[in-house]
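Trainee: Sharing a structure here in structure tokens format.
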Amino acid sequence: MKKLGDDDILKLTEVMSEELNRTDSDESVRLTAQMFPLDLWQHLDESARLRSENKFLKSIKEGEYIAASQKCIKGALGTWCSGLIITSLMKDDFIGTFLSKLSSSNKAEQDYVLQFFSSTLLYSLDTMADTFYSSWAIEIIDQNLKAGDKRFHQLANSAIVAHKELWKDSLKESFDSFQEAELTSDDTKD
């Protein structure tokens, strides 16, 4: 990539756009996301980006991760797009999906987001301060801190340490008074 000139990069993005507009193969979309740098994705034509982002989003909506066995049981394709989300044309859709999964009662859905997208989510929400999404995220994290969920304590810690502006005041009371809840037998099952 470093050796390609501007004309070569333009040709490459045209070929990539054409392939992404035609393919029904998740493998091709994954491979393209894996191989090419983020700034190249921004030069793809809009239809290719939207088509790929929709494939990733569909996979994320189905995504589940079992923390105890460290296995992604659904949504593997979606895990390849975390870097693309920040500049995504469908960024709000991704953030809304992450927050829906975090507010779910399904632990495997929550763990999917926590395992693969927590940094992307926190970074994206920093750029969306004072929006519905940031308020919703604060509410979800705060509720889970009050419930004693260690996973959300770790998420809050990351938010406060790495992204102080948005989170510190909002989560301070719940974070400081956090008491880890004892696991029930349902929490230990996969």
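The values are calculated or read from the model by the stated rules, or taken from the named source; none is laboratory data. In this text the structure is predicted, and so the values were computed from the model without any measurement. All Cβ positions, even for glycine, are placed from backbone atoms using ideal geometry, and neighbour counts span all protein chains on display.
Trainee: Identify the single condition in (1) hydroxyl-bearing (Ser, Thr, Tyr); (2) more than 22 Å from the chain's Cα centre (by Cα); (3) closer than 19 Å to LEU121 by Cα that TYR65 does not satisfy, given that it satisfies every other one.
Mentor: All conditions pass for TYR65, except number (2).
Trainee: For a quick check of your reading of the model, give me the residue pairs whose first member lies in the stretch 56-78 and is touching a residue at least 60 places away in the same chain (Cβ under 8 Å), whose second is aliphatic (A, V, I, L, M) and surrounded by 15 or more Cβ atoms within 10 Å (Cβ to Cβ), with beta-carbon atoms closer than 7 Å and at least 6 apart or on different chains.
Mentor: Taking only residues 6 or more apart or on different chains, the pairs are ILE66/ALA108.
Trainee: Shifting gears a bit: Which fully enclosed helices (runs of 4 or more DSSP H) of the stretch 1-60 have 3 or more residues being under 17 Å from CYS81 (Cβ atoms) and charged (D, E, K, R)?
Mentor: It comes to 26-35.
Trainee: State which residue is surrounded by the fewest Cβ atoms within 10 Å (Cβ to Cβ) when the search covers only the stretch 80-139 and only residues that are over 28 Å from THR32 (Cβ atoms) and hydroxyl-bearing (Ser, Thr, Tyr).
Mentor: Among those that are over 28 Å from THR32 (Cβ atoms) and hydroxyl-bearing (Ser, Thr, Tyr), it is SER105.
Trainee: To continue, here is another question. Limited to the stretch 148-174, what total is found for residues that are of a type in the set (A, V, I, L, M, F, W, C) and at positive phi?
Mentor: Kept after step one, since they are of a type in the set (A, V, I, L, M, F, W, C), are these residues of the stretch 148-174: 152, 155-156, 159-162, 166-167, 171.
Next, from what is left, pick out any that are at positive phi: none.
The number of residues fulfilling the criteria is 0.
Trainee: So, in the stretch 87-128, how many residues would count as being under 16 Å from LEU145 (Cα atoms) and among the hydrophobic types (A, V, I, L, M, F, W, C)?
Mentor: Total satisfying the criteria: 3.
Trainee: Among all residue pairs at least 6 apart or on different chains, which show Cβ distances below 8 Å where the first residue, located in the stretch 1-27, is more than 12 Å from TRP41 (Cα to Cα) and the second is among the basic types (Lys, Arg) and crowded, with 16+ Cβ neighbours inside 10 Å?
Mentor: Pairs found: ASN21/ARG51; ASP26/LYS55.
Trainee: Next up: Mind checking which helices (runs of 4 or more DSSP H) fall wholly inside the stretch 100-190 and carry at least 3 residues that are modelled with pLDDT of 95 or more and under 15 Å from the mean Cα position of the chain (by Cα)?
Mentor: 107-116
Yes or no, residue by residue, for (1) of a type in the set (Asp, Glu); (2) more than 26 Å from SER103 (Cα to Cα); (3) at pLDDT below 90:
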residue: LEU4; (1), (2), (3): no, yes, yes
residue: SER17; (1), (2), (3): no, yes, no
residue: ARG22; (1), (2), (3): no, yes, no
residue: MET35; (1), (2), (3): no, yes, yes
residue: HIS43; (1), (2), (3): no, yes, yes
residue: TYR65; (1), (2), (3): no, no, no
residue: GLN70; (1), (2), (3): no, no, no
residue: GLY83; (1), (2), (3): no, no, yes
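Trainee: Next question, about the same structure. Please go through the stretch 134-186 and pick out each residue that is closer than 20 Å to SER103 by Cβ and among the small types (Gly, Ala, Ser).
Mentor: SER134, SER135, ALA137, ALA147, GLY148, ALA156, SER158, ALA159, SER170, SER174, ALA181
Trainee: Also, quick follow-up: Examine the stretch 95-113 for a residue that is among the small types (Gly, Ala, Ser), in contact with a strand residue (DSSP E or B) (Cβ under 9 Å, 6 or more places away or on another chain) and on the phi < 0 side of the Ramachandran plot, and state whether such a residue exists.
Mentor: yes
Trainee: Let me ask another. Of all residues in the stretch 140-164, how many are within 12 Å of LEU122 (Cβ to Cβ), in contact (Cβ under 8 Å) with a residue 40 or more places away in the chain and surrounded by 13 or more Cβ atoms within 10 Å (Cβ to Cβ)?
Mentor: The number of residues fulfilling the criteria is 3.
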